[in-house]
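Everything on this sheet refers to the single structure shown next.
The values are calculated or read from the model by the stated rules, or taken from the named source; none is laboratory data. Values in this document were obtained by computation on a predicted structure and should not be read as measured data. No Cβ is skipped: glycine too gets one built from the backbone with ideal geometry, and neighbour counts run over all protein chains shown. Just so you know, the surface numbers come from the protein's heavy atoms only, side chains and all, with ligands and any DNA or RNA stripped out. Shrake-Rupley method; radii C 1.70, N 1.55, O 1.52, S 1.80 Å.
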Amino acid sequence: MTLQLPQTMLDEMVSHATEDLPNECCGIIAGKDGVATRFYRTGNAEGSPFRYNIDPRDLLRIEREMDAEGWQVLVIYHSHVASDAYPSPTDVRLSQWQGTDPPVDLYPGAHYVLVSLKDRAEPVVRSYQISKGVVT
């Protein structure tokens, strides 16, 4: 599925990434039938410039609202503070439920959007899909 996001959501991701420096930021965009409806900033439970983990309390609140509205996760976004906008091996691993063999995609069909602040004057935003550990 092709991802199209309003410029306001792209701007919000870059703003979130910049505001959360020196740590990585993270969040979710929810919607239905591929249409982005709601932007959620979330806390990074890791509080780290090297990794992210969506705060479980935020995730629970968001999942309840998505269920009530009939939405799904369209985007999981996070920032890379000093590296390219490309999923790291850790990002790929975190996209899957590790409790099964083989691992199962946590959010099938979701896009993983990365905001790179490697060049802070020119942030780069890129979207990927990760399925069965393969990045496209």
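Can you give the helix-only mean residue ellipticity at 222 nm for the chain, where every DSSP H stretch with n ≥ 4 adds -39500 (n - 2.57) and the sum goes over all residues, rounded to the nearest 500 deg cm²/dmol? Before the final figure, lay out each step's value.
On the way: 3 runs with 33 residues, N = 136.
So the helix-based figure for the chain works out to -7500 deg cm²/dmol.
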Amide H of residue 96: which non-local residues (sequence gap of 5 or more, or other chain) have their own amide H closer than 5 Å, using H built in the peptide plane?
106
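What is the packing order of peptides 43-54, 99-110, 64-75, taking the mean over residues of other C-beta atoms within 10 Å and listing the highest first? Write out the running numbers ahead of the final one.
On the way: 43-54: 17.2, 99-110: 12.2, 64-75: 15.5.
Result, highest mean first: 43-54, 64-75, 99-110.
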DSSP beta bridges in the chain [antiparallel fraction, %, rounded to 5]
80 percent
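If you take every residue apart from residue 45 with its C-beta less than 13 Å away from the C-beta of residue 45, what net charge results, scoring Lys and Arg +1 and Asp and Glu -1? Don't skip to the end; give the middle numbers.
On the way: positive: 51, 57; negative: 20, 24, 46, 55, 58.
Charge balance in the 13 Å sphere: -3.
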Keeping all protein chains in place, calculate the accessible area per residue for the chain (probe 1.4 angstrom), answer in Å².
55 Å²
Computed ³J(HN,Hα) along the range 51-65: with the Karplus parameters 6.51/-1.76/1.60, θ = phi - 60°, integer Hz and x for glycine or proline, the list is 7, 10, 7, 4, 3, x, 5, 5, 4, 4, 4, 5, 5, 5, 5
In nm, to one decimal, how far is the modelled label at residue 118 from the one at residue 132, with both set 7 Å along Cα→Cβ?
2.9 nm
How far apart, in nm, are two points set 7 Å out from the Cα along the Cα-to-Cβ line at residue 15 and at residue 32?
2.6 nm
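Rounded to the nearest 20 debye, what is the charge dipole size of the range 63-136 about its Cα centre when +1 sits on each Lys and Arg Cβ and -1 on each Asp and Glu Cβ? Walk me through the numbers before you get to the answer.
Values: 6 positive and 10 negative charges, 52 e Å.
Rounded to the nearest 20 debye, it is 240 debye.
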The percentage of the accessible area of the chain (probe 1.4 Å, all protein chains present) made up of carbon and sulfur atoms, to the nearest whole number, is 52 percent
